[in-house]
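Here's the structure, in structure tokens; my notes come after.
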Amino acid sequence: MVKQVGRWVAIVFLALSPLAGLSNAFNELGTGETVLQETVQVGNALWGILGLLGAIGIWRRRPWVLTVIVAWAVSLTYTGTVASFAYSDPTFSESGTLIGTITAGVSLAAASLLFVWAARVSTRAPGAAPKTPV
């Protein structure tokens, strides 16, 4: 039951994530003042596209979805972490910037792991037991 709920929550969230990622990318792409800001904008487009592919893969239980979700998680974590300082304090001159950046990175990585878990669980055949190492 928990696996099914996790699967459907992941599908809904990943299906909706392209709205935010691609919207930000189209509105902001090319307007960055620094290279870091440009990479954040490219990252927005990337996790938007990968989120849609991930939702389709989890829904269809495709074996490639785990790779897509890992790439989505990396791009989402990178974008959120770098954006937390690239747009406000790229030199880390303010005292709270480093703590905020670390917090953003750890939070996004932890949340992303839940989606990796959902992708991993969804690729197993229904009712299949997990493989045990020999």
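The values are calculated or read from the model by the stated rules, or taken from the named source; none is laboratory data. None of these values were measured; they are calculated from a predicted model. Virtual Cβ from ideal backbone geometry, glycine too; neighbours counted across all protein chains shown. Accessible surface areas use protein heavy atoms only, side chains included; no ligands, DNA or RNA. Shrake-Rupley method; radii C 1.70, N 1.55, O 1.52, S 1.80 Å.
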Legend entry - Leading residue by the ranking (modelled with the lowest pLDDT) among those in segment 105-115 that are crowded, with 16+ Cβ neighbours inside 10 Å and either charged (D, E, K, R) or under 17 Å from Ala55 (Cα atoms) (or both): Phe115
Inset, instruction - Confirm whether Leu46 is touching a Leu at 6+ places or on another chain (Cβ under 8 Å), under 23 Å from Phe13 (Cα atoms) and either surrounded by 19 or more Cβ atoms within 10 Å (Cβ to Cβ) or of a type in the set (Gly, Ala, Ser) (or both). - result: no
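Does Glu38 satisfy being at negative phi and in a helix (DSSP H, G or I)? Explain how you work it out, then say what you get.
Numbers: at negative phi: yes; in a helix (DSSP H, G or I): yes.
Criteria met by Glu38.
Among the residues of segment 49-75, count how many are open to solvent by 30 Å² or more (accessible area, probe 1.4 Å) and part of a helix (DSSP H, G or I). Steps first, please.
First, pick out the residues of segment 49-75 that are open to solvent by 30 Å² or more (accessible area, probe 1.4 Å): 49, 52-53, 56, 59-64, 66-67, 70-71, 74.
Filter again for part of a helix (DSSP H, G or I), leaving 49, 52-53, 56, 59-60, 66-67, 70-71, 74.
Looking only at that region, the number is 11.
Being more than 16 Å from Gln41 (Cβ to Cβ) and open to solvent by less than 70 Å² (accessible area, probe 1.4 Å) is the filter here, so list the residues in segment 82-104 that pass it. Break it down into steps so the answer makes sense when it comes.
Initial filter on segment 82-104 (more than 16 Å from Gln41 (Cβ to Cβ)): 89, 91-104.
Of everything in segment 82-104, those that are more than 16 Å from Gln41 (Cβ to Cβ) and open to solvent by less than 70 Å² (accessible area, probe 1.4 Å) turn out to be Asp89, Gly96, Thr97, Gly100, Thr101, Ala104.
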